[in-house]
Amino acid sequence: MSSYLDKIRSEICNIQSIKEKYLSLLEQERQLNKDYEKKVHEEEQINTRFNNEYYDLKEIQRELYRYNTGIDNDKTKFVERKHNKRLFLLGLSFYLIPTCIGFVLHSFISFPSILVPLISMITCLSTVGLDCIFNYRKCCKRYSDNFENLESTKSVRKEIKNLKDKENELQDKYDITTKEQRKAQLAVQDAEKKLKLLRETINLFRINSFEKIIGCKTLEDETELKLNK
């Protein structure tokens, strides 16, 4: 009788031990699941911040591109307009001056009148051509400097500088958030793996505990148990 009671008492203790371990595993699962949900929430927050910073950065870059493209186009038009005006006045001067001299000389010297506009045209084209060859870069540099000294240009350049500073600031924040996003993704993946492994352990523990309680640990034991009934 004493032996039977000891056996019952041992089985009860064994069941209690299994129960305590099972409850401990469930508590671990609860904590891991809570930690997993926390990391998922943190990842979602970082992703939201990442998306906002990405679109803010792209908007600044688009605005900066519009300003740069606009002022570059205005500068090109300004330089071309100034240079074309110079060539026009230069060519006109070297056409009219020889023409006037030619007609004055024609009053004293007899030569075909057709030579006057012809010589003037040759003089005009030669002067314009030589000016383009030797003075083009110098003129473009001077007109570019004139454009940069305009108050409107200085105002736009100041705005571009502010946008560039803002772009650099957003780029730094974006780079930091990108690293945080990658770190958060790895943390979620790690927590998910741990939770999955623990749940597999719990399932295996349930199976083993059930088999241990009923007294059959293998398929052969289960078959023998049925045959003995």
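Of the whole protein surface, His41 contributes about 100 Å² of accessible area at a 1.4 Å probe radius. Cys124 contributes an accessible area of around 20 Å² to the protein surface, as traced by a 1.4 Å probe with all chains present.
Among the protein heavy atoms, those of Arg81 account for about 140 Å² of accessible surface (1.4 Å probe, every chain in place).
Using only the C-alpha atoms of segment 29-104, find the volume of their convex hull and express it per residue in Å³. Write out the running numbers ahead of the final one.
Numbers: hull volume 3.3 nm³, N = 76.
Cα-based convex hull of segment 29-104, divided per residue, equals 44 Å³.
Among the listed pairs Lys82/Lys166; Lys85/Lys161; Lys39/Lys179; Lys141/Lys164; Lys34/Lys183; Lys58/Lys173, a Cα-Cα separation exceeding 23 Å is found for Lys82/Lys166; Lys85/Lys161; Lys141/Lys164.
The values are calculated or read from the model by the stated rules, or taken from the named source; none is laboratory data. It should be emphasised that the depicted structure is a prediction, and the values quoted were computed from it without experimental measurement. Calculation scope for accessible area: heavy atoms of the full protein, side chains included, ligands and nucleic acids excluded. Shrake-Rupley method; radii C 1.70, N 1.55, O 1.52, S 1.80 Å.
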